[in-house]
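These notes concern the structure reproduced below.
Please treat every number below as a calculation from the coordinates, not as lab data. As the structure is a computational prediction, the values presented were derived from the model and not from experiment. Because the Cβ atoms are built from the backbone with ideal geometry, glycine has one as well, and the counts that use them run over all protein chains shown.
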Amino acid sequence: MRLLERPLRGGWLATLGLLALLAPWFSFPSAFIIAGCGIALLIDRGAKRWWTDLGWLLVISLCWLTSFALAYRASHALLPPATSMYVFWDFAFLAIPSGGRTELVKLGGVLLEVFVNPLNLVAPVYPALGVVLPVLLTAIGGFSLTLRDRRVFLILSLPILLALVAAALRKYPLHGRLMIELVPAFYVMIAEGTQRLRTKLGRPAYVVVLVLLLAYPCSGTFYEAQAQRERYFNAHGDLHDNRFVP
């Protein structure tokens, strides 16, 4: 956030460039974060007409794109589409709907499952009802951020959008532990949505929303903390049973 408020200096530029250059070789999903935040910074600098910053950011972007392309080719050589990893994660790719009900149900299921794994905000009882609140808070939070600070909204939402595009292109699964890097963005938007409701509806409604939202994850944490328990993983390698995908 500090980079949004002031022009880039030599130290910041060097650090930013080095981290961007190395990141693809240490973390595949870092591409969503770096690309999303980079686009937000480019838009911000262009809007402010800080041309020097914009030029340096474009240079860093080209260096990152080169590094990412090389890392992608290397990973693709290790994991071509014929490998079992694509079979294992097939359920988590977004099928572009052609109008069929089955495809629409699968698409909606993969998206809603995000609130189960990894966000852990949907209880096993009546999940179709339980998912409504976190989805609503995410939408309200995103809308609130666009009104309050569109730069922050772009930084949070663009990585999610890029992950959705990658899942639709069958390049990266949208599920569970592979989405850990996007969890903070979801939580920030949910928190923003909750605060927005407090502003509009008052403290009593705010307390009710907090109880409904946090009752399941807090009770689950308390239960697991009472004693050492056997860890159960389902067929997709998740600690929590899936609610919206088979």
Worksheet item: Tell me, what is a quarter of the convex hull surface for the C-alpha atoms of the stretch 2-78, in nm² with one decimal?
Response: 4.8 nm²
Discussion item. Quick check on the stretch 48-149: what does the Kirkwood estimate of hydrodynamic radius come out to from the alpha carbon pairs, in Å?
Written reply: 18.0 Å
Discussion item. What does the C-alpha gyration tensor say about the overall shape of the chain? Classify as rounded when a/c is under 1.5, otherwise prolate if a/b is larger than b/c, or oblate.
Written reply: oblate
Fill in: Order of ARG243, ARG203 under a 10 Å beta carbon neighbour criterion, fewest first
ARG203, ARG243
Response to the item:
Rounded to one decimal in nm, the spacing of the 7 Å Cα→Cβ label points at ALA235 and SER75 is 2.6 nm
Discussion item. Positive end of the dipole of the stretch 88-226, charges at C-beta (+1 Lys, Arg; -1 Asp, Glu), about the Cα centre: which of THR221, LEU107, GLY142 has its Cα farthest in that direction?
Written reply: GLY142
Discussion item. What number do you get for the stretch 88-226 when its Cα radius of gyration is normalised by 2.2 N^0.38 Å, N = residues?
Written reply: 1.11
Discussion item. In the stretch 40-73, whose amide N lies under 11 Å from the spot 7 Å out along Cα-to-Cβ of LEU18? List them in ranges.
Written reply: none
Discussion item. I need the phi-derived Karplus couplings for the stretch 219-225: 6.51 cos²θ - 1.76 cosθ + 1.60, θ = phi - 60°, integer Hz, Gly and Pro marked x.
Written reply: 5, x, 5, 4, 4, 5, 7
Discussion item. Just want the ordering: CYS63, CYS218, from fewest to most Cβ atoms lying within 10 Å of their own Cβ.
Written reply: CYS218, CYS63
Discussion item. Through the Karplus equation 6.51 cos²θ - 1.76 cosθ + 1.60, θ set to phi - 60°, convert the phi angles of the stretch 234-239 into ³J(HN,Hα) values in whole Hz; use x for Gly and Pro.
Written reply: 7, 5, 9, x, 9, 6
Worksheet item: Taking neighbour counts of Cβ atoms within 10 Å as a proxy for exposure, in what order, fewest first, do SER219, SER84, SER61 appear?
Response: SER84, SER219, SER61
Response to the item:
Residue-ordered couplings for the stretch 163-170, obtained by feeding phi - 60° into the Karplus form 6.51 cos²θ - 1.76 cosθ + 1.60 and rounding to whole Hz (Gly and Pro as x), are 5, 5, 5, 4, 5, 5, 8, 6
Item to complete: State the extension gain, in nm to one decimal, for the chain segment bounded by LYS171 and LEU107, taking 0.36 nm per residue of separation less the distance between their alpha-carbons.
Response: 21.5 nm
Item to complete: Add +1 for every Lys or Arg and -1 for every Asp or Glu among the other residues with Cβ under 15 Å from the Cβ of TYR126, and state the total.
Response: 0
